[in-house]
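Below is one structure, written out as structure tokens, with a few remarks after it.
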């Protein structure tokens, strides 16, 4: 299951968010185990020396991955959408846009790709053909005071049933792909002064549809702080704000039954670290992992609720406020996030992004601290049963499952 990363206050919090990151981990203590960055660097170096960038095993009757994998990676100086098939070997480039891809999503039904380039929203078939322009705002001035609040197109998201495509432009639009009719369901709350300056109060961005395709998890950027909300296009209220005393950060995911949302944070500073659950009908918050527990600072990230309600996520703890990069460990627990917590692998991971299989059997991790720059890095296949790590891609970002 894909884990959506909650923007850290996309336009406001980014400039003021001071995060203290864990460096000496007290859970678990594995001083004899090399860091994942060292492992990945060694594997990538070996593959590079052999002129390869993906695993060398021959395809088998059992696919390596549960679904095809879509991702962004640099091609001739710009990011393009590519696909890796379930065998873990066969790779193809889907888009070829001169200005590169800013944001995109994949339909889990038929593999169609929606993407934004040059402030235009396109749809293409899974093979890269039948390119269709759906929203064109390329003439908008990026230097205008209200560009990012009113004119900028971003964050396309397909509903799981493939019927709807939502995207952000001056709030949230929902496009019915059966009729090609778009509806502006939420408008950004901004104020324009007489001198032309713009003051944003609330900005809305789609994060992830619920598995039942009825409701949409929404990021709400405020002048100070940020919230999450659940948008129900046919409900009352239209937008339910999730109840929290702190700033929402950082990785969110729906429960399989669409009844709740998990939110995890591996950071400590302006935001709290920990793990929380929110009722999708009431917005009520339940704290699963406190920021401080048993005298230790605790950190969680990329949570997954399994069909039996157990949880898998990445976790660590420390007796002191950390000062450097932290390594996170793959764990399994009961539904409360604490009972029966068990470490699944010995390695610690310095994670830029993670994508779970729905059954928790594996995760794909974009690994920091080795190769790649910014949000990109090697994509590592991490099995929950302890099988050997595999590097699937030497550099990628924004992982998405396809059909």
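Each value in this text was obtained by applying a stated rule to the coordinates, not by laboratory testing. Not measured: the values here are computed from a predicted model. Counting neighbours? That spans all protein chains shown, and the Cβs are built from the backbone with ideal geometry, glycine included.
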Fill in the blank from the handout: Taking R0 as 25 Å and r as the Cβ-Cβ distance between residue 62 and residue 243, the FRET efficiency 1/(1 + (r/R0)^6), rounded to the nearest 0.05, comes to 0.05
Practice task
Round to the nearest 0.05 the FRET efficiency obtained for residue 125 and residue 212 when R0 = 25 Å and r is the Cβ-Cβ distance.
Solution key: 0.45
Exercise for the section: Report the extension gain between residue 320 and residue 224 in nm, rounded to one decimal, defined as 0.36 nm multiplied by the number of residues separating them, less their alpha carbon distance. Expected result: 31.8 nm
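Can you give the percent of C-alpha pairs in region 176-240 whose distance is more than 13 Å? Walk me through the numbers before you get to the answer.
On the way: 1462 of 2080 pairs.
Percent of Cα pairs beyond 13 Å in region 176-240: 70.
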Completion exercise
Whole-percent tail of the Cα-Cα distance distribution for region 111-257, cut at 18 Å, equals 60 percent
Exercise for the section: Whole number please: convex hull volume per residue, Cα atoms of region 148-212, in Å³. Expected result: 82 Å³
Fill in the blank from the handout: Taking the alpha-carbon centre of each part, the distance from region 90-156 to region 260-332 in Å is 33 Å
Completion exercise
Contour minus Cα-Cα span, residue 109 to residue 343, at 0.36 nm per residue, comes to 80.8 nm
Handout entry: Rounded if a/c under 1.5, otherwise prolate or oblate - region 215-270, Cα gyration tensor axes
Key = oblate
Exercise for the section: Return the Cα extents of region 55-139 along principal axes one, two and three, sorted largest first, each rounded to a whole Å. Expected result: 49, 29, 17
Completion exercise
Pseudo-spin-label distance residue 195 to residue 236, built 7 Å along Cα→Cβ, given in nm, is 4.4 nm
Problem - Spatial extent of region 340-403: Rg and Dmax, with the Cα atoms as the point set, Å - result: 11.8, 37
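Please work out the Kirkwood hydrodynamic radius for region 300-347, using every pair of different C-alpha atoms, and report it in angstroms with one decimal place. The partial results should precede the final answer.
Working: mean 1/r = 0.0873 Å⁻¹.
One decimal place: 11.5 Å for the Kirkwood radius.
Could you give the C-alpha radius of gyration of region 263-381 expressed as a fraction of 2.2 N^0.38 Å, taking N as the number of residues it contains? Could you put the intermediate results ahead of the total?
Values: Rg = 14.4 Å, N = 119, 2.2 N^0.38 = 13.5 Å.
It is 1.06.
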Problem - Shape of region 192-305, Cα gyration tensor, a/c cut at 1.5 - result: oblate
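Is region 245-314 best put as rounded, prolate or oblate by its Cα gyration tensor, with a ≥ b ≥ c the root eigenvalues, rounded for a/c under 1.5, and otherwise prolate when a/b is larger than b/c, oblate when not? Kindly include the intermediate steps, with their values, before the conclusion.
Details: a/c = 1.98, a/b = 1.49, b/c = 1.33.
Verdict is prolate for region 245-314.
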Practice task
Find how much the distance from residue 308 to residue 187 grows on full extension, using 0.36 nm per residue of separation minus their present alpha carbon separation; answer in nm with one decimal.
Solution key: 39.8 nm
Exercise for the section: Compute the relative contact order of region 219-355 as a whole-number percentage, counting only Cα pairs closer than 8 Å that sit 6 or more residues apart in sequence. Expected result: 15 percent
